[in-house]
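This report concerns only the one structure given below.
The values are calculated or read from the model by the stated rules, or taken from the named source; none is laboratory data. None of these values were measured; they are calculated from a predicted model. Every residue, glycine among them, receives a Cβ derived from its backbone with ideal geometry; neighbour counts consider all protein chains shown.
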């Protein structure tokens with residue numbers, strides 16, 4: 001199994017096919033082993049769309065929110081200056097962290113495929129927001145007006161290989177693509 005297929009297996013395993021790939025070495029039942037096919041072929045044959053879920057519930061303590069995703073849970077909060085307990089990042093900080101962590105994960109996952117030896121990889125994110133928008137004080141956008149990220153790669157590999165890796169992860173990052181407005185967000189409201 002070459003590095004590209006190993007990464008393909010890893011990426012598919014993280015998107016809900018873990019049991020069929022990791023446990024059996026096969027993809028979707030009776031199909032041939034994954035290492036004989038490309039990621040695109042396996043994904044197309046197995047499923048066209050996956051659903052990833054996360055839940056948020058008010059903790060009953062100020063603006064503190066309890067998040068659940070898979071087997072993980074954590075808190076989202078506001079700083080004390082905004083009436084919170086400062087027990088976790090704000091939702092906006094989580095959005096920036098999601099972008100940085102997605103880019104970092106993809107960089108790690110695809111480095112070998114692009115011939116990049118990693119000694120270190122980090123992503124710094126920041127966004128510009130005018131709170132007057134969501135507070136109803138001014139007619140300005142409610143969300144980030146601009147988000148920037150900087151990828152820092154520590155590698156002895158040639159710069160052209162590093163550049164190719166960075167271009168690839170920038171292109172395929174699901175969080176970056178979502179933030180660029182390619183996703184439909186539907187809302188439903190129900191009473192408890």
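Does region 48-62 include one or more residues that are surrounded by 14 or more Cβ atoms within 10 Å (Cβ to Cβ), within 26 Å of residue 142 (Cα to Cα) and modelled with pLDDT under 95? Within region 48-62, one or more residues are surrounded by 14 or more Cβ atoms within 10 Å (Cβ to Cβ), within 26 Å of residue 142 (Cα to Cα) and modelled with pLDDT under 95. Of the residues making up region 91-117, those that are more than 25 Å from residue 75 (Cβ to Cβ), under 20 Å from the mean Cα position of the chain (by Cα) and without any contact (Cβ under 8 Å) to a residue 60 or more places away in the chain number 2. Looking only at region 128-149, decide whether some residue is in a loop (DSSP other than H, G, I, E, B), in contact (Cβ under 8 Å) with a residue 40 or more places away in the chain and touching a helix residue (DSSP H, G or I) at 6+ places or on another chain (Cβ under 8 Å). Yes: region 128-149 contains one or more residues that are in a loop (DSSP other than H, G, I, E, B), in contact (Cβ under 8 Å) with a residue 40 or more places away in the chain and touching a helix residue (DSSP H, G or I) at 6+ places or on another chain (Cβ under 8 Å).
The set of residues in region 98-127 that are on the phi < 0 side of the Ramachandran plot, surrounded by fewer than 16 Cβ atoms within 10 Å (Cβ to Cβ) and either part of a loop (DSSP other than H, G, I, E, B) or not assigned by TED's automatic domain parsing to the domain that holds residue 178 (or both) comprises 117, 119. Going by the conditions given, is residue 67 modelled with pLDDT under 95 and surrounded by 15 or more Cβ atoms within 10 Å (Cβ to Cβ)? Criteria not met by residue 67.
Any residue at all in region 157-168 that's assigned to a loop (DSSP other than H, G, I, E, B) and farther than 25 Å from residue 54 by Cβ?
At the first step, the residues of region 157-168 found to be assigned to a loop (DSSP other than H, G, I, E, B) are 157-158.
Next, only the ones that are farther than 25 Å from residue 54 by Cβ stay: 157-158.
Looking for residues that are assigned to a loop (DSSP other than H, G, I, E, B) and farther than 25 Å from residue 54 by Cβ, one finds at least one in region 157-168, hence yes.
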